[in-house]
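Worksheet for the structure shown next.
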Amino acid sequence: MSAHKKIVLLGAGHAHLHVIRHWQRAQAPNAELIVVSPRESQIYSGMLPGLMGGTYKPSQCELPVARVIKNSPATWIQSTARHIDMAKQVVVLENGRHLSFDTLSIDIGSTMDPDELDKRMPGAGEHAMRIRPIDDFAQQWPATLASLRAHPHSIAVVGAGAAGVETVLAVAKALAASKTQAGLTLIAGARGLMHTYSPRAKRLAAMWLKRAGVQVIEQRCVGLSADTLSLHGGLRLQCDLAILTTGGHAPKLLAQSGLSLNDHGYIRVNEYGQSHSHPNVFAAGDVSANTPYPHPRSGVYAVRAGPPLLVNLIASANSTALTAYKPPTRTLNLLNLGNGRALATWGRWAACSRVFWWWKNAIDKGFIAKQLTTMPQKTAGKVGGKQAA
Ligand SMILES: Cc1cc2nc3c(=O)[nH]c(=O)nc-3n(C[C@H](O)[C@H](O)[C@H](O)COP(=O)(O)OP(=O)(O)OC[C@H]3O[C@@H](n4cnc5c(N)ncnc54)[C@H](O)[C@@H]3O)c2cc1C
């Protein structure tokens, strides 16, 4: 029989939620599962544009992290990791506590670091709203929207990937609902609108942005002040509110961890989801860089990483062989257009329809509901699903 193993899950990201929910059935009798995550619940990013646009209430978009953990054999430490020290094999929590582990799994997503943003866009840290952390943004949004409705403004969304397109269209929907006239601009950078998507997807997005009254500028934002946005070409725009959707940064705590990282600071993992430098560390979701099978950072990939991670954490607990996992080369993306339609993309194929919105709505609501409805029951005698101090 294998020795007692302490498995620490850092973050309650999409892949870890799967592991927690299914741990009850895991054949790993000598393993103790500990989850470190700061929030009782967290807003599901896929539904954030719907929340901004008024389609959903916050309670409909919350992933019930605490309840998922409570109904599992895992122990919850409600905290944030400040440092990972691989030399000492500990995670240092915000209260200074050192948490040791036999196996560490990291699923803490990406961040938007104000210092990094300021390097590329001086003033961004002070004068713009950041879409991440998503829970902070969601909390600030109602007051921001109320202020926009009281005093019509010039609003710019900076960053025109899928999240930027959904965000600006959500703002348009929220303002249209109150018949508020405001200038809406999407700053798409030199690479342009949705640069990783097919020409057809771009054309469709451009068409719906135009119909929603959004001006798209294909230049880079190089600075922000309280009321101005500066572009690379020298143009300055009136901008009373800037929302940054420019993509994430690797969490800073990884930099000094001793883990092997890629050039952008994300954890390099192999086909087993295992760190290149430390075989007892796994990483999944946005925080990982899958070197054999590189793929975009998205919730879909983070969710798909859950089942293979579960299998390999069980194998790690039992000291048995790991199983390789190849993520899909493409995924279905459904973008909320804020008008009762969604843009569906699959590789080079793209189309818009009300049916796709219905589908996206059903998938997203189903994802939230699944967190509670499919949880296995607790079994007596296992490590308690309690909250640790
Ligand atoms: C507006 C918007 C819309 C999006 N829509 C979609 C979509 O429709 N479909 C899609 O596929 N993707 C979408 N994305 C991308 C998606 O949000 C991410 O790819 C996805 O959330 C990544 O999941 P994850 O598990 O890696 O991390 P996350 O979901 O970010 O979870 C990270 C977890 O780690 C915790 N954590 C963070 N730091 C620490 C720490 N130091 N210590 C302990 N815990 C920590 C957090 O509290 C959280 O529980 C969208 C993004 C945005 C901004």
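FYI, it's all coordinate maths here, none of it is from the lab. Everything numeric here is computed off the predicted structure, so don't read it as measured data. Every residue, glycine as well, gets a Cβ built from its backbone with ideal geometry; the counts of neighbours run over all protein chains shown.
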Cα-based Rg / Dmax (Å) for segment 114-244: 14.0, 39
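Tell me which DSSP H helices of the chain clear both cut-offs, 15 Å or more of axial length from alpha-carbon atoms and a mean Kyte-Doolittle hydropathy of at least 0.0.
On the way: long enough: 134-150 (24 Å, -0.02); 162-177 (22 Å, 1.52); 199-211 (18 Å, -0.68); 306-318 (18 Å, 0.95); 354-373 (28 Å, -0.22).
Length and hydropathy pass: 162-177, 306-318.
Anything over 29 Å Cα to Cα? Flag those among Lys252/Lys360; Lys70/Lys365; Lys326/Lys365; Lys119/Lys173; Lys88/Lys370, in the order listed. Numbers along the way, then the final one.
Working: Lys252/Lys360 33 Å; Lys70/Lys365 21 Å; Lys326/Lys365 27 Å; Lys119/Lys173 32 Å; Lys88/Lys370 37 Å.
Those over the limit are Lys252/Lys360; Lys119/Lys173; Lys88/Lys370.
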Using +1 at the C-beta of Lys and Arg and -1 at the C-beta of Asp and Glu, which of Ser353, Leu33, Leu310 has the Cα lying farthest in the positive direction of the dipole of the chain? Ser353
Asn290's amide H: which non-local residues (gap 5+, or another chain) put their own amide H closer than 5 Å, with H modeled 1.01 Å from N in plane and none for Pro or chain starts? Val269, His295
So if the hydrodynamic radius of the chain is defined as the Kirkwood radius over C-alpha pairs, what does Stokes-Einstein give as its diffusion coefficient at 10 °C and 1.306 mPa s, in µm² per second? 72
Computed helical MRE - 222 nm, the chain, DSSP H runs ≥ 4 contributing -39500 (n - 2.57), nearest 500: -9000 deg cm²/dmol
